[in-house]
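Report on the following structure.
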Amino acid sequence: MTEGKVRPKALLPVLLALEKQRVRGSVPELTGTWQLLWTSGIKTIQKPVEQLSDQPKPIFKNIQQIIDPDQQQLINQVNFSLLQISVQNSLTIPRRNRLNFITQKVQIKLGSLPSISFPIGKATGWLQITYLHPPFKIARGNRGGIALYYKLNSNSSL
């Protein structure tokens, strides 16, 4: 995968068109590690589409989402050169395109030091998978955001 820029005004209509195709995939296709390529952010900080700046935004190279239905786990992970922060969630999948989660703990790892974990309450949320055709996934969250992911270790490449 190469580093690049995303123009929100150009990308959002493409994502919306893909969502309309209603390609939902299956639970086994959700399993794995997904690289975040683009996100609109949460609804409370979004601007209407017509007000989006057409300034390029960097593709995220260090944010991943790990989905493991067998272990009932969803992990959101941010990686920096020496620091890794993981938010670990319990996961249920009531239907193939809906992921419900409950936040369990945060884990912080700094270099070769032992990781530190601590509970952060029981925040709940959900992700609606609106498009799933590996290696790509589009998800909408309960706080209004939309995100595009690329599945790592897939047979396709960007």
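Results for (1) touching an Asp or Glu at 6+ places or on another chain (Cβ under 8 Å); (2) modelled with pLDDT of 95 or more; (3) not polar (S, T, N, Q), shown as yes or no for each residue.
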position	(1), (2), (3)
Leu99	no, yes, yes
Ile108	no, yes, yes
Ser115	no, yes, no
Leu127	no, yes, yes
Asn155	no, no, no
Inset, instruction - Within the range 38-91, count every residue that is assigned to a loop (DSSP other than H, G, I, E, B), modelled with pLDDT under 90 and either of a type outside the set (D, E, K, R) or under 15 Å from Leu127 (Cα atoms) (or both). - result: 14
Legend entry - Single condition Thr103 does not satisfy, out of (1) more than 15 Å from Gln65 (Cβ to Cβ); (2) touching a residue at least 12 places away in the same chain (Cβ under 8 Å): (1)
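Quickly run through the range 101-152 and pick out the residues that are part of a loop (DSSP other than H, G, I, E, B) and not hydrophobic (A, V, I, L, M, F, W, C).
Gly111, Ser112, Pro114, Ser115, Gly121, Lys122, Pro134, Pro135, Asn142, Arg143, Gly144, Gly145
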Inset, instruction - Looking for whichever is β-branched (Val, Ile, Thr), out of contact with any His (no Cβ under 7 Å at 6 or more places or on another chain) and surrounded by fewer than 17 Cβ atoms within 10 Å (Cβ to Cβ) here; the options are Ile138, Ile146, Ile116. Which one fits? - result: Ile116
Inset, instruction - Can you run down the residue pairs with Cβ atoms below 7 Å, 6 or more apart or on separate chains, where the first is in the range 1-25 and more than 16 Å from Pro135 (Cβ to Cβ) and the partner is at pLDDT below 85 and not in a loop (DSSP other than H, G, I, E, B)? - result: Lys5/Lys57; Lys5/Pro58; Val6/Lys57; Pro8/Lys57; Leu12/Val49
Inset, instruction - Please specify each residue of the range 72-127 satisfying the condition of being more than 19 Å from Gln35 (Cα to Cα) and of a type in the set (Gly, Ala, Ser). - result: Ser90, Gly111, Ser112, Ser115, Ser117, Gly121, Ala123, Gly125
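The values are calculated or read from the model by the stated rules, or taken from the named source; none is laboratory data. Small disclaimer: the values here were computed from a predicted structure and weren't measured. Cβ sites come from the backbone with ideal geometry, for glycine too, and all protein chains shown count toward neighbours.
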